[in-house]
Amino acid sequence: MNASAHSAPPETGSLTRVPVSLGDRSYEVVIGNGARHLLQEFIPKSAKRAAIVTQHGIGVDVDPGIPSKVFYIGDGEDEKTLSTIESLCRSFVDFGLTRADVVVAVGGGVVTDAAGFAASIYHRGVDLINVSTTLLGQVDAAIGGKTAVNLPEGKNLVGVFWQPRAVLCDTDVLATLAEREQRSGCGEMAKYAFLGIDNLDSLTLVDQVVACARHKAEVVASDEREGDRRMLLNYGHTLAHALEAAGFADGPGRDGIDLRHGEAVAIGLIFAAHLARHLGRIDDERVARHYEVVNSYALPNALPSGVDHRELVRLMGRDKKATDGLVFVLDGPNGVEIVRGVSDSDVLAALALATS
């Protein structure tokens with residue numbers, strides 16, 4: 001990954017450029033086969049060095065066209081910690097990275113979250129480019145500028161908004177993903193079926209990525225700092241984040257339960273449907289539609305038995321949206337909306353309905 005001079009990138013296929021319109025901080029999400037080879041196009045002219053942050057095993061090479069060094073972080077949500085950020089920043093110092101240089105994140109959501117957060121605070125902010133290598137990242141995590149790390153008390157509790165210069169979604173690399181990793185990305189896509197993208201599962205994979213990226217880009221442009229509209233993108237995530245905080249997802253697993261993030265989101269969608277039905281917001285047919293979408297992606301559709309529901313309620317109370325009691329994104333007669341002040345008893349009833 002070391003390069004001392006700009007060279008012509010390999011030929012790329014048909015690419016789609018999706019704008020994220022944020023005034024002087026606007027950027028493009030470039031989607032399609034070979035998108036990562038356009039990296040040099042987005043390297044800032046001021047940059048003399050590129051810090052490439054990735055993980056062992058990703059195996060996706062990029063060429064920034066300037067001297068670069070690769071920095072590896074560990075795998076899994078357990079590596080999204082303040083100590084990882086400190087280690088990255090100290091490594092940037094040893095490399096001689098300056099405020100004029102650039103950080104390139106190559107990987108999935110763990111990498112773009114950690115690298116983005118490090119870039120945002122190093123020298124009070126250096127340029128960032130995301131090269132997303134997972135389906136989950138390409139349809140969601142790499143776009144929108146949300147960067148964060150976890151605390152033992154919960155997921156993504158420490159972070160900032162730091163928009164990248166560009167997001168490169170090379171759909172070529174999706175073919176290298178393990179089947180379960182692909183399904184995890186589908187869990188993130190499934191929520192869009194309830195956020196206004198009709199017949200998503202009838203599109204080609206590349207067109208699905210484009211459709212989701214367009215939707216997220218439009219939402220981010222209208223609500224960058226996560227007011228009510230951007231919160232809607234967290235549909236299914238409140239329970240998913242609680243499952244992750246409890247150790248059941250995106251880690252070594254607990255009590256024999258090991259869910260990927262997208263799998264936890266899929267279960268979160270089913271739970272949210274049951275909660276909305278319990279509150280009288282939707283009917284049985286709409287609940288059935290949630291099962292239909294989740295099942296179409298071969299995702300889990302029930303909370304595993306044996307999980308402590310009261311522990312999940314406690315953890316959901318720590319969710320970033322929970323500024324006024326328990327807060328959920330729920331379907332309803334006017335579509336998906338923010339619902340505040342939900343009681344513990346209602347949540348426990350819905351968890352029971354969503355349990356296998």
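Go through (1) free of Cβ contacts under 8 Å to residues at least 60 places away in the same chain; (2) among the small types (Gly, Ala, Ser); (3) on the phi > 0 side of the Ramachandran plot and name the single condition SER343 misses.
With (1) free of Cβ contacts under 8 Å to residues at least 60 places away in the same chain; (2) among the small types (Gly, Ala, Ser); (3) on the phi > 0 side of the Ramachandran plot applied to SER343, the lone miss is (3).
Checking the conditions here, which among VAL60, VAL93 is more than 25 Å from VAL206 (Cβ to Cβ) and at pLDDT 95 or above?
Details: VAL60 fails: more than 25 Å from VAL206 (Cβ to Cβ).
Unique residue meeting the criteria: VAL93.
Which residues, taken from region 94-145, are surrounded by fewer than 22 Cβ atoms within 10 Å (Cβ to Cβ), out of contact with any helix residue (DSSP H, G or I) (no Cβ under 8 Å at 6 or more places or on another chain) and not hydrophobic (A, V, I, L, M, F, W, C)?
ASP94, GLY96, SER120, HIS123, ARG124
Is it true that TYR297 is among the hydroxyl-bearing types (Ser, Thr, Tyr), surrounded by 15 or more Cβ atoms within 10 Å (Cβ to Cβ) and under 21 Å from HIS241 (Cα atoms)? Even if it seems obvious, please write down each step before you answer.
Working: among the hydroxyl-bearing types (Ser, Thr, Tyr): yes; surrounded by 15 or more Cβ atoms within 10 Å (Cβ to Cβ): yes; under 21 Å from HIS241 (Cα atoms): yes.
The answer is yes for TYR297.
Name the single residue, out of those in region 1-25 being among the small types (Gly, Ala, Ser) and surrounded by 12 or more Cβ atoms within 10 Å (Cβ to Cβ), that is modelled with the highest pLDDT.
Residues of region 1-25 that are among the small types (Gly, Ala, Ser), as a first pass: 3-5, 7-8, 13-14, 21, 23.
If we keep only those that are surrounded by 12 or more Cβ atoms within 10 Å (Cβ to Cβ) as well, we get 3, 13, 21.
Working: ALA3: 41, GLY13: 62, SER21: 97.
Within region 1-25, the match that is modelled with the highest pLDDT is SER21.
Report, by residue number, each residue of region 177-204 that is exposed (fewer than 14 other Cβ atoms within 10 Å of the Cβ) and closer than 18 Å to ALA141 by Cβ.
ALA178, ARG180
Under 7 Å between Cβ atoms, at least 6 apart or on separate chains: pull out the pairs that start in region 144-163 with a residue that is free of Cβ contacts under 8 Å to residues at least 60 places away in the same chain and end on any residue that is outside any strand (DSSP E or B) and among the polar types (S, T, N, Q).
Final answer for the pair search is THR147/SER120; VAL160/SER120; TRP162/SER120.
Let's see how each residue does on (1) over 14 Å from the mean Cα position of the chain (by Cα); (2) in a loop (DSSP other than H, G, I, E, B); (3) of a type outside the set (S, T, N, Q):
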{"site": "LEU157", "(1), (2), (3)": "yes, no, yes"}
{"site": "LEU168", "(1), (2), (3)": "yes, no, yes"}
{"site": "ASP172", "(1), (2), (3)": "yes, no, yes"}
{"site": "CYS186", "(1), (2), (3)": "no, no, yes"}
{"site": "ALA190", "(1), (2), (3)": "no, no, yes"}
{"site": "ALA193", "(1), (2), (3)": "yes, no, yes"}
{"site": "ILE197", "(1), (2), (3)": "yes, yes, yes"}
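Specify the residue that is modelled with the lowest pLDDT; the eligible residues are those in region 180-225 that are closer than 18 Å to VAL167 by Cα and charged (D, E, K, R).
GLU188
Of the residues ALA349, ALA302, ALA249, ALA276, only one is among the small types (Gly, Ala, Ser), modelled with pLDDT under 95 and surrounded by 15 or more Cβ atoms within 10 Å (Cβ to Cβ); which?
Numbers: ALA349 fails: modelled with pLDDT under 95; ALA302 fails: modelled with pLDDT under 95; ALA276 fails: modelled with pLDDT under 95.
Sole residue among the options that is among the small types (Gly, Ala, Ser), modelled with pLDDT under 95 and surrounded by 15 or more Cβ atoms within 10 Å (Cβ to Cβ): ALA249.
What is the residue count in region 193-214 for residues that are more than 15 Å from LEU135 (Cβ to Cβ) and in contact with a Leu (Cβ under 7 Å, 6 or more places away or on another chain)?
Qualifying residue count for the region: 2.
The values are calculated or read from the model by the stated rules, or taken from the named source; none is laboratory data. On a predicted model such as this, the values are computed, not experimentally measured, just so you know. In this analysis, Cβ positions are derived from the backbone assuming ideal geometry, glycine residues included, and neighbour counts consider all displayed protein chains.
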